[in-house]
1. Which condition number does residue A:95 fail, the rest of (1) over 13 Å from residue A:129 (Cα atoms); (2) touching a helix residue (DSSP H, G or I) at 6+ places or on another chain (Cβ under 8 Å); (3) modelled with pLDDT of 90 or more; (4) surrounded by fewer than 20 Cβ atoms within 10 Å (Cβ to Cβ) being met?
2. Picking from B:75, B:41, which residue would you name as being out of contact with any helix residue (DSSP H, G or I) (no Cβ under 8 Å at 6 or more places or on another chain) and within 30 Å of residue B:401 (Cα to Cα)?
3. Could you look through the stretch B:374-384, keep only residues that are more than 18 Å from residue B:349 (Cβ to Cβ) and more than 14 Å from chain A (Cβ to nearest Cβ), and pick out the one that is surrounded by the fewest Cβ atoms within 10 Å (Cβ to Cβ)?
4. Could you check the stretch B:90-173 for helices (runs of 4 or more DSSP H) lying wholly inside it with 1 or more residues that are farther than 30 Å from residue B:382 by Cα?
5. Quick one: which of B:370, B:357 is within 14 Å of chain A (Cβ to nearest Cβ), farther than 23 Å from residue A:30 by Cβ, at pLDDT below 95 and surrounded by 17 or more Cβ atoms within 10 Å (Cβ to Cβ)?
6. Just checking, does the stretch B:268-279 include any residue being crowded, with 22+ Cβ neighbours inside 10 Å and either in the same structural domain as residue B:100 (by TED's automatic domain parsing) or in a helix (DSSP H, G or I) (or both)?
7. For the stretch B:329-341, name all the residues that are within 16 Å of residue B:215 (Cβ to Cβ) and assigned to a loop (DSSP other than H, G, I, E, B).
8. Mind listing just one residue for me: the one in the stretch A:72-92 that is at pLDDT below 90 and not in a helix (DSSP H, G or I) and, of those, nearest to the other protein chains (Cβ to nearest Cβ)?
């Protein structure tokens, strides 16, 4: 599935839930199902700044695609991470950096989450895109290197 | 069978009081608001809102300056508010009441002026382990500046100060003690009379942070014999941006001004400025006139309800809340002092306080989560933060029932 398709599917899933308690229930479930980050990656380096709760994000390149794993000490945060991971994980750095992420706004997360939470969400997103940029830059320079 | 506590009929007509507060009639997410974040700020009664509006629509003018009619009326109202507050805390003179921006501003004023005039390298400032950041950082800044040392009165696991250790910390190097009367994070009521008398036995002055006390219990500065006492207007049903520093006249006379500017001077030449008398010496610039007047109105509102009645009602609320919260499986209280007031901090199992807070919010229940600007307290208990429910004179037993039901629901979703 493309990044756009995953986003559209999430928007449709959320649109079936009438009230915010149901939406939270869904987010919490996603949090509980989130593939956990390997304990060894829960390092200060992988800790995302700007989150009120602790969030660790680890990135790996597998067959040209970026794979994200993450964890948090807060379950709702984990659920939100899970949303991000399901949208962005398993895509090439190019796809991630070029992705137009509209689902957060469309689901209504920005207006319903507490400001600290939505700031955290944005930091997380920024971090994920930064990793993609970094991988893209590295592969670009390697490519340039071989051409020379 | 569940024990139903005796609920004495309050001397306070809580339902009538609630009708005086417009914001309590509002809904959030379509649900009636359950406001249990009163330690952060209280809601305002209509009379306070009216006082603010009336000031700007009828007497807005600068104080202490003009000879014209409006300026006289504004000055009378502003100074009238000072008298109301002086009488509320039983200050000897209205001049001992300095208007500030709030508790933080008052502590900064004392730390700065006291530091510059009294503190020398090697001196000690004593604070307690349960202080709000605003009763730590101003002293730290001053100590760093003066080459002095900040020492801490420790507390036990219940969140009570260790008074033996407090006594052991007292020596001739200690120049001032700054402690909170009631802990904002734990609800602990500290033995302030004992602290003051032991300090005074060694001629050490005491500053009390009364930000979480002034709205919950009678405060008599003469009976306390306290040297400085600070509080905020907005936690006492008044507006934000206005607060009070009480200081004994002898101390305020002795201390140099904190800020320079208009109103705090008698004469100014480029060679030398003569400072104004109390209280103006510490009120540089145009003050928050409307805020001060409206705070006076808020204090009158509290006096009309009766601070003793408020205290009695809130003690019943605390008792009922403590008992009802114990029904929640896995709930543990953070801070179990014998004497608590106004606030209850807790955690449920290993549920993150932010998760719990967010799900309570979505049920229309406003509580505070986090470290409550008291990170050292959270470190002492090895926790990232707590959930805190805090009460006011308009809090009802029904609010507490809704809180408990809200926690049950949130916890069942999060477990």
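1. (1)
2. Sole residue among the options that is out of contact with any helix residue (DSSP H, G or I) (no Cβ under 8 Å at 6 or more places or on another chain) and within 30 Å of residue B:401 (Cα to Cα): B:41.
3. Top of the filtered list is B:379.
4. Of the helices (runs of 4 or more DSSP H) lying wholly inside the stretch B:90-173, those with at least 1 residues that are farther than 30 Å from residue B:382 by Cα span B:103-117, B:137-146.
5. After applying the criteria, what remains is B:370.
6. Yes, because at least one residue in the stretch B:268-279 is crowded, with 22+ Cβ neighbours inside 10 Å and either in the same structural domain as residue B:100 (by TED's automatic domain parsing) or in a helix (DSSP H, G or I) (or both).
7. In the first step, residues of the stretch B:329-341 are kept if they are within 16 Å of residue B:215 (Cβ to Cβ); the result is B:340-341.
B:341, the sole residue that qualifies.
8. So the residue we want is A:74.
The values are calculated or read from the model by the stated rules, or taken from the named source; none is laboratory data. Computed from a predicted structure; not experimentally measured. Reconstructed Cβ throughout: ideal geometry from the backbone, glycine too, with neighbour counts over all protein chains shown.
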